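Read-outs: derived from the displayed coordinates by stated rules, not from any lab. For clarity, every value in this text was computed on a predicted model and none was experimentally measured. Here the Cβ positions follow ideal geometry from the backbone for every residue, glycine too, while neighbour counts run over all protein chains shown.
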Amino acid sequence: MGILDKAKEMLGMDGDDAQNAADGAKDKASDAGGGMMDKAKDAAGGMADKAKAGVDKAADAADSASGGKFSDKIDSGSDAVKSGLDKMGGNS
């Protein structure tokens, strides 16, 4: 007798009862997780414009500090960050 069988016996469940309980718990966890993910995406989307402005400001400062020597790399990096922000906010 395996550990799962012992647990079922202790809980007085047959195989179908245990499966139904597991499915119910999975659904509840999925619903809760999905709700939190939606809230996080909404928050990220609401702050995306401010974050992008910060990325632009940091890129400008880096470009200025390097004397424009790495402008193409800085622009490429800042574009990648802003693209990532768009994806997080659901604006792909």
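The length gained by stretching the chain between residue 76 and residue 49 to full extension, at 0.36 nm per residue less their Cα-Cα distance, is 7.9 nm.
How high is the FRET efficiency from residue 23 to residue 3, r the C-beta distance, R0 25 Å, rounded to 0.05? Numbers along the way, then the final one.
Working: r = 20 Å, r/R0 = 0.79.
The calculated FRET efficiency here is 0.80.
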